[in-house]
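Accompanying notes for the structure given below.
FYI, it's all coordinate maths here, none of it is from the lab. A quick note: this is a predicted structure, and the numbers were derived from the prediction, not measured. Note: ideal-geometry Cβ built from the backbone for every residue, glycine included; neighbour counts use all protein chains shown.
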């Protein structure tokens, strides 16, 4: 059995005015933790994480894994939407990840594309996806900062109006483009790639649905994702035999939601997968 991981973190989004601050630190922190646990880790940070590079890295990781291998993929950065083009979304929107070159030519990495990438996986490969981003498009600004927080938390969500040209935006009744739209699902674009039968798991930084956010934070003076910070902090307190369910409980309600970071991390996967020992 081999253990392989890909850690992606994007702070800079040229042309969008929506840069973040803690995502590269997140990717480095996940990479260090996973390497210490025996994973061969590769990273894509900021300008390295173009859409083409993300696709190639996921293809290589998935394509090289065989039955019995454990694959972990972490993503810290903005989430967004694009108008659905194949009719498979009730709300007319596809969830997507935001590569570094989102606005400068690469475009979004859409859930349908992610599903296709994971469909090439061999039977018996166990997959853990960790997403510190959000996909809730009805509100585009974080709440006022809590006085106990070091800095104002900022949602890791990229409004369509910040990167899509006007003629590509959903149209309102008046025929004018909308920059925000009511969202039904708001689930991570990784969710559709999960196979419950194969024991896959997704740890997400917040609930799905409108007005739920994963926050870009500053804790102890250091930029990070609130979910990533508390997930790694909880992990260090658990015994080696701890399960994914125990890890999730140590995060939520163990640390989140809080007054400073009102987000509720979620775990998606079968009951049997949640009982499995972490990173096995």
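Structure notes:
- Helical content alone sets the calculated 222 nm signal of the chain at -6000 deg cm²/dmol, taking -39,500 (n - 2.57) per DSSP H segment of four or more residues and averaging over every residue.
- Cα centroid separation - the stretch 206-280 against the stretch 1-34, whole Å: 16
- Extension gain, residue 270 back to residue 19 (0.36 nm per residue minus Cα-Cα distance, nm): 86.8 nm
- Antiparallel bridges, percent of DSSP beta bridges restricted to the chain (to nearest 5): 45
- If R0 equals 30 Å, the separation of the Cβ atoms of residue 1 and residue 152 corresponds to a calculated FRET efficiency of about 0.10.
- Averaging 1/r over every pair of different alpha carbons in the chain and inverting the result gives a Kirkwood radius of 18.7 Å.
- Contact order normalised by residue count of the chain, Cα under 8 Å, 6+ apart, percent: 19
- Simple spin-label estimate for residue 67 and residue 280 in nanometres, 7 Å along Cα-Cβ: 2.0
- Mean Cβ count within 10 Å, highest first, over the residues of peptides 154-160, 225-231, 25-31: 225-231, 154-160, 25-31
- Here the gap between residue 115 and residue 166, fully extended at 0.36 nm per residue and compared with their Cα-Cα distance, gives a gain of 15.6 nm.
- Spacing of the two label points (7 Å from each Cα toward its C-beta) at residue 60 and residue 249, in nm: 4.0
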